Amino acid sequence: MPRNRPFIYFILLKIICVIDEIDAFLGKKWQHSYVAARSSTHRRREVRTKSFLENLTSSQAHAAVTLSARGRQHRRAAVKKRSRNYWRVKKHMETEFRDFWLHRNVTIPENEPPPIPNESLLNYFERHDLRWAIVSQGGRESVSYRLNGAKILPGKWSEAISSFPELMEQLLSSSDGAAGCCLSKSDPPTSTKSKAKRKWAHNEKRKPKGYWDTFRVVEELVAHLEEVKNTKGRPSTWMPRLSELSADGRDDLKAAISRFGGYQHIGNLAGLIPYSEWIYFEDQFAFFLELRNYLREHECGSENYFPPATEILLNGHDLLYYHIQQLGGRKIIASRLGIALSPDAENNPSSSGFGLINFGPFSLDFAILLFHFIRRNMMESHAPLTIASIQMPSLEKLERAGELELAAKVVEFGGAENVARRLGLFF
């Protein structure tokens, strides 16, 4: 075996050389095929484009040529920004303030630090970079200290003129229009308003500064709900959604609610019932009315059997089907209303035909009358409520209102607590 080792090495070397040659050949062949395929694709694309343009009408061809000849979109020139720590350098601050006065034809002695302009001048000449620099470096007093006691122009225009007569005289007497020839001793800079103030300056209904606080928000919200109560047919003790306030044209109230604690906090302070609770009450009420109409139309008014959901859809009652799914499904609703799920459940009460749990007898007409009584009473109530919730009326309240039949039905169906549990009311 040792004598044959050089021969074996020679054979292995030959095999490796052959493999390298095959690999190189296949690589060149694949590259040639790829280039040929790319060229063929490009030629086919040119042919299709040429034939497409030949079949176009004159107007379409003109539009296509115009589109293809459109120049390349040019990007806007980059804005020259200063470095991150530019304003922290004392020399840079002093140079910028000197340039500000120099461009306004105001001469500042070289041996004195340049005065710091007030807010109105910086706004008027649109030097917002200097405004930001002053704020970021701690305010005018801090910048003045860093510039070796630079003088500060007072914010009031009359005080600035009296405190710096020579400087202001040069500024006002300048002949350059951009330097401030429109300024005078009696006419201060006019562009001192912020962008937000300029935007809303035309709005006469805009509230003045400092108008809103927590108590004012609650007061305005309650007054607005009382105002729209009759037009919407909704109790004024129900907290609306913020989108509804926008639809009513009260974006100011919507913004104030978000600013002073949010939806839930303001609703609790105003003693209003949350949207999630009263919309559930309204959906239940609408469902009871829809179900009664369906039973009268298709089941001769009988409440012994809850129809299947597929049957309700086939009969064209899409809204009733939607309410069933939204309120928990057919089994849960049938259990709460005491309606059987199958026709044979009435003869065999031990079967599972009454849904999940059999709560005992109940009446759909009673539920509708009770909800109507609760809603009518809530239309007469006013915020703030002692208990911000839709409550089950007590037997005494029903009797005082003359609803003796309702009171008797409440006792028949297990009492106020049992009825409240079935109908999802606060007790």
Step by step: first the residues of the range 375-422, then only those that are assigned to a helix (DSSP H, G or I) and among the β-branched types (Val, Ile, Thr), then the one that is nearest to ASP283 (Cα to Cα). Which residue is that?
VAL419
Can you find even one residue in the range 316-326 that is out of contact with any Gly (no Cβ under 6 Å at 6 or more places or on another chain), outside any helix (DSSP H, G or I) and over 30 Å from GLY414 (Cα atoms)?
yes
Quick one: in the range 204-232, of everything that is among the basic types (Lys, Arg) and assigned to a helix (DSSP H, G or I), which residue is farthest from the chain's Cα centre (by Cα)?
LYS229
In the range 254-299, the residues that are hydroxyl-bearing (Ser, Thr, Tyr) and more than 25 Å from LEU221 (Cβ to Cβ)
TYR294
Restricting the first residue to the range 407-427 and requiring it to be under 21 Å from SER276 (Cα atoms), which pairs with a second residue that is of a type in the set (Lys, Arg) meet a Cβ separation below 6 Å and a spacing of at least six or different chains?
ARG422/ARG336
Within the range 226-261, residues open to solvent by 60 Å² or more (accessible area, probe 1.4 Å) and closer than 28 Å to GLY329 by Cβ come out as ARG241
If we ask which residues in the range 235-248 are touching a residue at least 12 places away in the same chain (Cβ under 8 Å), over 14 Å from HIS265 (Cα atoms) and outside any strand (DSSP E or B), their number turns out to be 5
Exactly one condition in (1) surrounded by 19 or more Cβ atoms within 10 Å (Cβ to Cβ); (2) free of Cβ contacts under 8 Å to residues at least 12 places away in the same chain is not met by GLU169; state its number.
(1)
Residue ID - most open to solvent (accessible area, probe 1.4 Å), chosen from residues in the range 312-328 that are farther than 15 Å from TYR280 by Cβ and free of Cβ contacts under 8 Å to residues at least 12 places away in the same chain
LEU314
Out of the residues in the range 109-162 meeting the condition of being of a type in the set (Phe, Trp, Tyr) and within 12 Å of PRO189 (Cβ to Cβ), tell me which one is most open to solvent (accessible area, probe 1.4 Å).
TYR124
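For the subset of the range 262-306 comprising residues that are outside any helix (DSSP H, G or I) and modelled with pLDDT of 90 or more, which member is surrounded by the fewest Cβ atoms within 10 Å (Cβ to Cβ)? Lay out the reasoning, then the answer.
Here is the first cut: in the range 262-306, the residues outside any helix (DSSP H, G or I) are 262, 271-274, 299-306.
From what is left, the residues that are modelled with pLDDT of 90 or more are 262, 271-274.
On the way: GLY262: 11, GLY271: 17, LEU272: 24, ILE273: 23, PRO274: 16.
Restricting to residues being outside any helix (DSSP H, G or I) and modelled with pLDDT of 90 or more, the top hit is GLY262.
The values are calculated or read from the model by the stated rules, or taken from the named source; none is laboratory data. These numbers come from a predicted model, not from an experiment. Virtual Cβ from ideal backbone geometry, glycine too; neighbours counted across all protein chains shown. We work out accessible area using only protein heavy atoms, side chains counted, and drop any ligands, DNA or RNA first. Shrake-Rupley method; radii C 1.70, N 1.55, O 1.52, S 1.80 Å.
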